[in-house]
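Beneath this line is the structure, given in structure tokens, with notes to follow.
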Amino acid sequence: MHPVIENYEYLSSLTAQMREAAVLNKWDHLVELEKQCSQRVASMKDQDANSPLDENTRLRKVALIRKILADDAEIRNCTEPWMAQLKRIIKSVGQERRLLETYSRY
């Protein structure tokens with residue numbers, strides 16, 4: 001198997017695991033997998049850019065990228081509501097703190 005395809009297969013596996021972690025609300029696991037994914041992407045940039053591919057290999061790469069992007073979209077569908085909830089909680093805590101500071105002066 002071509003090394004570029006091996007990298008994309010690995011990324012596809014990671015993003016599938018990330019999607020599963022997001023669906024199951026396993027946020028710590030998702031963060032760890034995201035770190036692994038980022039490290040792999042960083043390490044493969046030069047190799048990917050400098051590796052000529054035949055037509056079949058290029059088509060396989062495109063298919064893997066599409067799957068990775070689909071997994072990423074599903075991960076965002078799961079994480080965006082969670083992030084919005086965290087923002088509301090943080091905002092609420094900040095408002096409570098300001099109220100306490102204001103009224104504790106009196």
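Some notes on this structure:
- Residue count, region 39-57 (criterion: part of a helix (DSSP H, G or I) and surrounded by 13 or more Cβ atoms within 10 Å (Cβ to Cβ)): 5
- Test: D48 is modelled with pLDDT of 90 or more and out of contact with any Asp or Glu (no Cβ under 7 Å at 6 or more places or on another chain): no
- Counted residues, region 9-33 - those being within 24 Å of E80 (Cα to Cα), in a helix (DSSP H, G or I) and touching a residue at least 24 places away in the same chain (Cβ under 8 Å): 11
- Pairs linking a residue in region 80-93 that is assigned to a helix (DSSP H, G or I) to a residue that is surrounded by 10 or more Cβ atoms within 10 Å (Cβ to Cβ) and at pLDDT 75 or above, with Cβ atoms under 8 Å and 6 or more positions apart or on different chains, are W82/N25; W82/W27.
- The combined condition, being assigned to a helix (DSSP H, G or I) and within 15 Å of Y10 (Cα to Cα), is fulfilled by Q36.
- Which listed residue, of L64, L59, L30, is modelled with pLDDT of 90 or more and within 11 Å of the chain's Cα centre (by Cα): L30
The values are calculated or read from the model by the stated rules, or taken from the named source; none is laboratory data. The structure presented is a predicted model; accordingly, all values stated were derived computationally and were not measured. Methodologically, a virtual Cβ is constructed for each residue, glycine included, from the backbone with ideal geometry; neighbour enumeration extends over all protein chains shown.
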